[in-house]
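J.: Mind having a look at this structure? Questions to follow.
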């Protein structure tokens with residue numbers, strides 16, 4: 001699988017769908033999971049252990065810990081999508097953008113699942129180019 005999309009809540013389904021649509025347009029193999037890091041940390045760990053994804057897209061609002069929790073468990077690219085649930089999504093954006101050194105998470109615009117998928121496509125294309133050289 002190329003991309004694993006993880007959303008913290010079913011209420012994020014519209015944003016998930018915008019990412020899935022772009023992934024489908026690029027013929028990128030993906031899977032979607034709904035898992036809250038705060039409510040289901042063990043399940044998130046299990047998802048990560050079982051995943052063979054090359055890129056992760058994590059969609060989360062409020063404290064938006066999900067992208068950081070995923071980045072802490074992998075050395076593969078993680079793209080965070082902040083969700084506008086409170087404070088215009090600024091709280092989630094800042095949580096995703098302010099990761100500690102050594103735990104990188106790319107951050108796209110608030111509610112912009114499509115851009116996360118476009119970024120994932122570019123990362124995968126770059127990976128393929130490197131393998132061909």
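J.: Among (1) surrounded by 15 or more Cβ atoms within 10 Å (Cβ to Cβ); (2) farther than 12 Å from residue 6 by Cβ; (3) at pLDDT 95 or above; (4) out of contact with any helix residue (DSSP H, G or I) (no Cβ under 8 Å at 6 or more places or on another chain), where does residue 82 come up short?
T.: (4)
J.: Ok, one more. So which residues in the range 1-52 are assigned to a helix (DSSP H, G or I) and farther than 17 Å from residue 111 by Cα, if there are any at all?
T.: 24, 25, 41, 42, 43, 44, 45, 46, 47, 48, 49, 50
J.: Mind checking which pairs have a first residue in the range 97-115 that is on the phi < 0 side of the Ramachandran plot and surrounded by 14 or more Cβ atoms within 10 Å (Cβ to Cβ) and a second that is assigned to a loop (DSSP other than H, G, I, E, B) and modelled with pLDDT under 95, Cβ under 8 Å, 6 or more apart or different chains?
T.: 105/99
J.: Run residue 88 past the list (1) touching a helix residue (DSSP H, G or I) at 6+ places or on another chain (Cβ under 9 Å); (2) within 21 Å of residue 99 (Cα to Cα); (3) in a helix (DSSP H, G or I) and report the number of the one that doesn't hold.
T.: (1)
J.: Follow-up. Could you go through the range 63-73 and let me know if any residue there is under 12 Å from the mean Cα position of the chain (by Cα), in a loop (DSSP other than H, G, I, E, B) and buried (at least 23 other Cβ atoms within 10 Å of the Cβ).
T.: Yes.
J.: Can you tell me which residues in the range 44-58 are surrounded by 14 or more Cβ atoms within 10 Å (Cβ to Cβ) and free of Cβ contacts under 8 Å to residues at least 12 places away in the same chain?
T.: Answer for the range 44-58, where residues must be surrounded by 14 or more Cβ atoms within 10 Å (Cβ to Cβ) and free of Cβ contacts under 8 Å to residues at least 12 places away in the same chain: there is none.
J.: Pick from the range 1-33 the residues that are surrounded by fewer than 17 Cβ atoms within 10 Å (Cβ to Cβ) and within 14 Å of the chain's Cα centre (by Cα): which of them is nearest to residue 126 (Cα to Cα)?
T.: Out of the qualifying residues, it is 31.
J.: Let me ask something else about it. Scan the range 91-109 for residues that are within 15 Å of residue 37 (Cβ to Cβ) and either out of contact with any helix residue (DSSP H, G or I) (no Cβ under 9 Å at 6 or more places or on another chain) or part of a helix (DSSP H, G or I) (or both) and jot them down.
T.: Result: 92, 95, 96.
J.: Of 7, 71, which residue is touching a helix residue (DSSP H, G or I) at 6+ places or on another chain (Cβ under 7 Å) and at pLDDT 95 or above?
T.: 7
J.: Among (1) more than 13 Å from the chain's Cα centre (by Cα); (2) within 22 Å of residue 1 (Cβ to Cβ), which single condition is residue 90 missing?
T.: Evaluating residue 90 over (1) more than 13 Å from the chain's Cα centre (by Cα); (2) within 22 Å of residue 1 (Cβ to Cβ) leaves (2) as the failure.
The values are calculated or read from the model by the stated rules, or taken from the named source; none is laboratory data. Remember, predicted model here, so these are calculated numbers, not experimental data. Backbone-built Cβ (ideal geometry, glycine too); neighbour counts: all protein chains shown.
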